[in-house]
Amino acid sequence: MRANSLALRLFVTATLWTVVILVGTAILLSSLYRQAVERSFDHRLSVYLRSLVADVASPDIPPDKFPQSLGEPLFELPLSGWYWQVTRIDGKKDVRSSRSLWDRQLTQLVKPETGTEADTREGYVDGPEDQTLRLIERTVDLGGDGRFVVAVAGDATEIDAETDAFYQALAITFGALSIVLILTTMFQVRFGLAPLKRISESLTAIRSGTTERLEGVFPEEIAPLARETNALIDANRQIVERARTHVGNLAHALKTPLSVMFNEAVSRGDDPLAVKVREQTDIMRDQVTRHLERARLAARLTTIATLTDVREVMGALARTMEKIHRDKNIAIAVDAPEDARFLGERQDLEEMAGNLLDNACKWAQSRVAVEVLQVKSGATAQIHIIVDDDGRGLSPAEREQVAHRGKRLDESKPGSGLGLSIVVELAGLYGGKLTLGTAPIGGLRAELVLPAG
């Protein structure tokens, strides 16, 4: 999930940056292209402007005869969008223009007084018939012959048409490029993060107990992470194994002297000191067993989890209990799905379920039923191991007593009274629980809830 989320964030970020860069580039190219088209159009107008200025300044051409032909028929066509105009600005009102203007006049870009000689100005103005014109003008000072503003204008529709065609081609090109870049980004993110996704899935599998190490070939950038992770897993297993060894050694070192003390006390008969030693030795053995068991279980639970086949374990335990209690001819029925898996170690499941089965066989008349259920609630999966017997059952008060360490309701039955309390403690370490109730077949029902794999 985290890998998918990271891939999505990277894809969205890369896509946004791609779009921003492409849009910015498109705006820049559009602006540069329009400026280039305007410069080209202005160059065309400036050719006509120079011809007009030359005609105005020529002493050989009478004022009433200029301009000579500019070689452009559009200047003769009424309201064609192409116009020229020469305006005298030295106090004498004289405006001469192309035939295409008819009786209209062109708008000047600046006031005549602000324009200097040989200063060419260009810009957009409104023309006849709501036309938008691209206009260039120049102030010409002929001294005693007067000062003039010479202007030439062309229809700006040509500029708009050419730039619009470029914008359309640019939009199609950049649209296709955007799709290609987004697809490329998607594939790069997907396949670039694939090794991380594999590591995430492998770690999940290790945690669930389906595998023990990160397997497979990883890219050079990811391979060190995989190696260090495997080394950490190996180091963790070694630490746990050493802890188990130390616990076993300590158990052996303590139990042997306690057994010697207990046997010596037994050999002394009813001597008060011997009775007291036996009593305290029992307490000491109980405490040693309890704390060593807790240390052993804590060491197990710090290691990587494993999956245990529940049906296989329960079947083996049932066959073992039938042999142990063959004098009672107990029939043990096991109903467990094939895919039932306990998220924990096999020996722990054997200890918990074995205690429950052994207890059921001790109290049963002739029948013990074992049922295994898989229950899933959201992301949590659990295994319910239900053990029923047809014995006399227990009252609520008795059920409360037997769950305490060392409590036995019937001294005639073999055992130390530690079985159910061990089951309760061990199940608690796994986040599970043990509940006692009444079995449908008449005796006690013990329901053990454990995490499922």
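The values are calculated or read from the model by the stated rules, or taken from the named source; none is laboratory data. Note that the coordinates shown come from a computational prediction; the quantities given were computed from them, not determined experimentally. Cβ coordinates were reconstructed from backbone atoms using ideal geometry, including for glycine residues, and neighbour counts include every protein chain displayed.
Things worth noting here:
- So residue 393, is it in a loop (DSSP other than H, G, I, E, B), at pLDDT 80 or above and more than 14 Å from residue 360 (Cβ to Cβ): no
- Neighbours by Cβ (under 6 Å, 6+ apart or cross-chain): first from region 18-29, more than 16 Å from residue 184 (Cα to Cα); second surrounded by 15 or more Cβ atoms within 10 Å (Cβ to Cβ) and at pLDDT 90 or above: 26/170
- Against the test of being free of Cβ contacts under 8 Å to residues at least 60 places away in the same chain and of a type in the set (Ser, Thr, Tyr), the options 185, 132, 163 yield a single qualifying residue, 132.
- Cβ-Cβ under 9 Å pairs, at least 6 apart or on other chains, region 310-322 side closer than 13 Å to residue 332 by Cβ, far side among the small types (Gly, Ala, Ser) and surrounded by fewer than 17 Cβ atoms within 10 Å (Cβ to Cβ): 318/333; 322/331
- Reported count of residues in region 317-345, each being at pLDDT 85 or above, under 23 Å from residue 382 (Cα atoms), out of contact with any Lys or Arg (no Cβ under 6 Å at 6 or more places or on another chain) and surrounded by 14 or more Cβ atoms within 10 Å (Cβ to Cβ), is 6.
- Every residue from region 130-174 that is farther than 30 Å from residue 58 by Cβ and part of a strand (DSSP E or B): 132
Rundown of residues vs (1) of a type outside the set (Ser, Thr, Tyr); (2) at pLDDT 80 or above; (3) in contact with a strand residue (DSSP E or B) (Cβ under 7 Å, 6 or more places away or on another chain), yes/no style:
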site	(1), (2), (3)
253	yes, no, no
258	yes, no, no
269	yes, no, no
272	yes, yes, no
305	yes, no, yes
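- Residue within region 141-153 that is out of contact with any Asp or Glu (no Cβ under 8 Å at 6 or more places or on another chain), modelled with pLDDT of 90 or more and within 26 Å of residue 36 (Cβ to Cβ) present: yes
- Here region 329-344 is the region considered, the condition is being part of a strand (DSSP E or B) and more than 20 Å from residue 211 (Cβ to Cβ), and the residue that is farthest from the chain's Cα centre (by Cα) is 331.
- Per this entry, residue 115 is counted among residues that are buried (at least 17 other Cβ atoms within 10 Å of the Cβ), assigned by TED's automatic domain parsing to the domain that holds residue 35, among the small types (Gly, Ala, Ser) and modelled with pLDDT under 85.
- Residues of region 192-207 classified as outside any helix (DSSP H, G or I) and free of Cβ contacts under 8 Å to residues at least 12 places away in the same chain, total: 0
- Selection from region 177-217 of residues that are more than 20 Å from the chain's Cα centre (by Cα) and farther than 30 Å from residue 20 by Cβ: 206, 208, 209, 210, 211, 212, 213, 214, 215, 216, 217
- Condition check for residue 97 on (1) of a type in the set (S, T, N, Q); (2) buried (at least 17 other Cβ atoms within 10 Å of the Cβ); (3) touching a residue at least 24 places away in the same chain (Cβ under 8 Å): one failure, at (3).
- Conditions (1) of a type in the set (A, V, I, L, M); (2) outside the structural domain of residue 85 (by TED's automatic domain parsing); (3) in contact with a strand residue (DSSP E or B) (Cβ under 7 Å, 6 or more places away or on another chain); number of the one not met by residue 135: (2)
- Taking the criterion of being out of contact with any Asp or Glu (no Cβ under 7 Å at 6 or more places or on another chain), in a loop (DSSP other than H, G, I, E, B) and either not hydrophobic (A, V, I, L, M, F, W, C) or not assigned by TED's automatic domain parsing to the domain that holds residue 133 (or both), the residues of region 89-111 that qualify are 90, 91, 92, 93, 98, 103, 104, 105, 111.
- Of the residues making up region 132-162, those that are surrounded by fewer than 17 Cβ atoms within 10 Å (Cβ to Cβ) and among the polar types (S, T, N, Q) are 132, 157.
- Check on residue 277, surrounded by 15 or more Cβ atoms within 10 Å (Cβ to Cβ), over 27 Å from residue 350 (Cβ atoms) and modelled with pLDDT of 80 or more: yes
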